[in-house]
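Shown next, in structure tokens, is the structure this report addresses.
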Amino acid sequence: MPEYTDDRPATVEGEGAPALDEFQLAALKEQQQKADQERIRRLDAMALSLSSKRKAAIDARAQSGIEQIWLEDEDAFDGIDDANRAQEGAQGSRHRYTKSKSSAGTYTKTDNDAGENKCILLPNITGPYCEAGAASIADMLLPLDDWPFGLGPTPIPELTGLLEQVKQFDDEQSVQLPGAVAPQAAGDVKAQAEAQIEKAKKSAEKAETRIRDWLTECQWHGKSRRQIDDSARVGTGIVKGPVPAMKKQYAWHNQDGVQTLEIKEETKPVTETVDFWNLYPDYPACGESIHNGSFVWERGEITCKTLQDLRGQPGYIDSQIELCLSEGPQTPEIDPGFKKQSTTDNSLFEIWWFHGALERADLEAAGCDCSSQPEQYLSIPAVITVVNGKPIRASMNVLDKGTFPYDVLTWRRRPGSPWGQGIARQIRPAQRGITACFRALMENAGLSAKPMLAVLRKYLSPVDGTWDLFGGKVFEVDDDADVRDVKAAIQTLQIDSRQSDLLAIIQFLLKLAEDITGQPLMLQGQMGKAPDTVGGMTILNNNASVTKRRIARQFDDQVIEPGISRYYDYLMQYGEDEEEKGLFVIDARSSSVLVERDIQNQNMIQLLGASGNPAYGADPRKAFAETCKAMKIDPKRIQYDDEQWKKIQDNAAKAPPDPRIAAAQINADAREKLAAFDAQMEAIEADKDRQFELIEKAMDAELALRQQGGDRAMSLDEIKAMLAKTVLQLRTQKELSVMGARAKQLSKPPTEPAGRAPAGQAFQR
């Protein structure tokens, strides 16, 4: 932006310059004074209006309750609560007092009122859950070998219509219709249309490369990871871009044997991370998106030297900066109780950036050149820099569209609010329950391990004068006490152990945390119960990926699509290479390509183990190569090439078999035949048993008939003897048949391969 200059006419010196008399100089001076007064009046009015909007934004956010939630979530992430706050040394960061009402009715400090016998340890599961969730999402959405977006040319209706006409002519081979392409020119029209489409594709590729270069230079991946970290922790992560920044490029040149350093400065768009504590949107008017509001405020801090260095920079108002320097840093407008830092450095100036529409006259009074905007535009999107309540710089929005440069990523949507809900808030009930159970468990362990005592002081007293119990403790017994009184003077009170009950509750709460967040501990690299089957593991992965897909879609909608669209607008507005410009569409593909690729990579690792089974007909070598690709490893770096692999296979076919392998194969065959024989014998035995049962039933039926018919020729004892004899014969036949078959099967023992022992002797020995 151009540097501010006043409207005073320059004195023209030299031959032919008109001379101004005393009255003309006085009139010009008076005119200039009026212009300065009007400019100052407008600056003061603008400062008053901006101050009112800023206070409204600060109060609205504080009243929404989100700041208190952020404080609690930050404490949960750090493993801090009211019981251990003082011991954790939290006074220097996000320290605050928890207000509780005493018996006297006054509010007292309760940072360390747990007592000496109370457990203040906090088993922090919130921090690991937030870190694991953010890491898994960042690894999936921000791979090093790919980008979560792409650019493609917008379809041109005219070219599409011509190609359709050409296709219709080629298909029908008919006479030219009115308005259709002539047969002799169909090929030329098709070639021209395809050439234009190809040119548009190349322009889109160049534009995509340019945007990727900008993002790489400003470390966009790292900024986005921090955004995801903030979103996972408190539910809201913010980045800002594109923001013009002066970049220095260094190059060494050899001139006559002397190395000289050349420094070049170039303005390039960058992306910056914004602390969620420092953003104040137009709430509640904006609803769930800050872009629906009329303005956005961003807070920051600068040193006195930085403010001094701004004097003389393009666009800055030196007179306003001088006033700020003379006043010094003022008291911050934010309530210190809701600031991330408990103490404020008095040497730092609070600086604010306003993004919103202002009147043209106010912007021009602040030195902003609005000539590029049409005269009918009375309100222009602008960026105002404010220090100590005074506008020190005014400029138009970097982009002609006037959009806010902020992208807000929410982990979980809050209806009607631009701020989201993070993992720390999701598992807050589980964390508080686990903390309470853990502290109860530790206290119960201490009480149950050390019994309590009931002492009658009438009969005894400690020699050392204290009632602390330890080994070798000596007590003095009263002379009037008898033996029975002494035994009854000390009684132990044993506290029951509730360790198992409390551990069961803790396990339930850990499972509850997994269900709430959709992040099983096993998939986070922590100890967890794994499914017993491959199918169960697949179901677990698919269930966990549901949350990933949702967050990936939000990343596309809230960050990729609007952010890359602004970079595209910046390229179209300020780009110098015309071949990079065109009508392009943004393809945000985090939720489609990257998520599916992540799921495919997990499944490939599982399928690698099954590829060795010949029943599947899979090539283990190809399966291993695909798995290496899924793990970001080039399989050519660790695999034999085709020629080497063929030589290895040929040598293996020509070489004699290893005796140990042959012996193992013989043993395996023998075991397989023996198992088959055992199965056959079991079938024979079962058949014999069935025959025996039939004979028993037949004899029982015959005995019943004889008894009914009054046939007493055979006595009951004779019938039983005959039955026992038949049974003995059947069992003997079965055992002999089994022994004969087994002996026939094992009559020829397996022989060991040559080279180890004489044939047929090694196994016999």
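The values are calculated or read from the model by the stated rules, or taken from the named source; none is laboratory data. For clarity, every value in this text was computed on a predicted model and none was experimentally measured. Note that we place each Cβ from the backbone using ideal geometry, even for glycine, and neighbour counts take in every protein chain shown.
Considering only region 27-67, state which residues are out of contact with any Phe, Trp or Tyr (no Cβ under 7 Å at 6 or more places or on another chain), within 30 Å of Arg425 (Cα to Cα) and in contact (Cβ under 8 Å) with a residue 24 or more places away in the chain.
Matches in region 27-67: Lys55 only.
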- Among the candidates Ala424, Ala394, single out the residue that is buried (at least 21 other Cβ atoms within 10 Å of the Cβ), more than 26 Å from Glu67 (Cβ to Cβ) and aliphatic (A, V, I, L, M). Ala394
- Task: Determine, yes or no, whether Asp478 is surrounded by 11 or more Cβ atoms within 10 Å (Cβ to Cβ) and under 30 Å from Gln227 (Cα atoms).
- Result: no
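For (1) among the acidic types (Asp, Glu); (2) modelled with pLDDT of 90 or more; (3) in the same structural domain as Ser49 (by TED's automatic domain parsing); (4) touching a helix residue (DSSP H, G or I) at 6+ places or on another chain (Cβ under 6 Å), each residue gets a yes or a no:
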residue: Glu350; (1), (2), (3), (4): yes, yes, yes, no
residue: Asp362; (1), (2), (3), (4): yes, no, yes, yes
residue: Cys370; (1), (2), (3), (4): no, no, yes, yes
residue: Glu375; (1), (2), (3), (4): yes, no, yes, no
residue: Pro381; (1), (2), (3), (4): no, yes, yes, no
residue: Ile384; (1), (2), (3), (4): no, yes, yes, no
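Taking the stated definitions as given, is Glu272 exposed (fewer than 12 other Cβ atoms within 10 Å of the Cβ), outside any loop (DSSP other than H, G, I, E, B) and not assigned by TED's automatic domain parsing to the domain that holds Ala60?
So Glu272 does not fit the description; no.
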- Note on the structure: In region 55-84, residues that are among the charged types (D, E, K, R) and over 24 Å from the mean Cα position of the chain (by Cα) total 5
- Item | Residue count, region 111-157 (criterion: hydroxyl-bearing (Ser, Thr, Tyr) and at pLDDT 90 or above) | 2
- Message: Here's a check for you: in region 216-244, which residue that is more than 30 Å from Arg414 (Cα to Cα) and in a helix (DSSP H, G or I) is farthest from the chain's Cα centre (by Cα)?
- Response: Glu217
- Query: Would you pick out the residues in region 441-458 that are within 15 Å of Phe470 (Cα to Cα) and under 45 Å from the mean Cα position of the chain (by Cα)?
  - Reply: Ala449
- Message: Can you tell me which of (1) at pLDDT below 80; (2) surrounded by 21 or more Cβ atoms within 10 Å (Cβ to Cβ) is the one His355 doesn't meet?
- Response: (1)
- Is one or more of the residues making up region 209-221 surrounded by fewer than 18 Cβ atoms within 10 Å (Cβ to Cβ) and of a type in the set (A, V, I, L, M, F, W, C)? no
- Message: Can you pull out every residue in region 258-288 that is hydroxyl-bearing (Ser, Thr, Tyr), closer than 24 Å to Glu576 by Cβ and over 25 Å from the mean Cα position of the chain (by Cα)?
- Response: Thr267
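This table checks each residue for (1) at pLDDT 75 or above; (2) in a strand (DSSP E or B); (3) β-branched (Val, Ile, Thr).
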{"site": "Val166", "(1), (2), (3)": "no, no, yes"}
{"site": "Phe169", "(1), (2), (3)": "no, no, no"}
{"site": "Lys190", "(1), (2), (3)": "no, no, no"}
{"site": "Ala193", "(1), (2), (3)": "no, no, no"}
{"site": "Lys199", "(1), (2), (3)": "yes, no, no"}
{"site": "Thr209", "(1), (2), (3)": "yes, no, yes"}
{"site": "Met246", "(1), (2), (3)": "yes, yes, no"}
{"site": "Gln259", "(1), (2), (3)": "yes, yes, no"}
{"site": "Glu262", "(1), (2), (3)": "yes, yes, no"}
- Only one of Asp21, Asp44, Asp7, Asp36 that is at pLDDT below 85 and surrounded by 11 or more Cβ atoms within 10 Å (Cβ to Cβ): Asp36
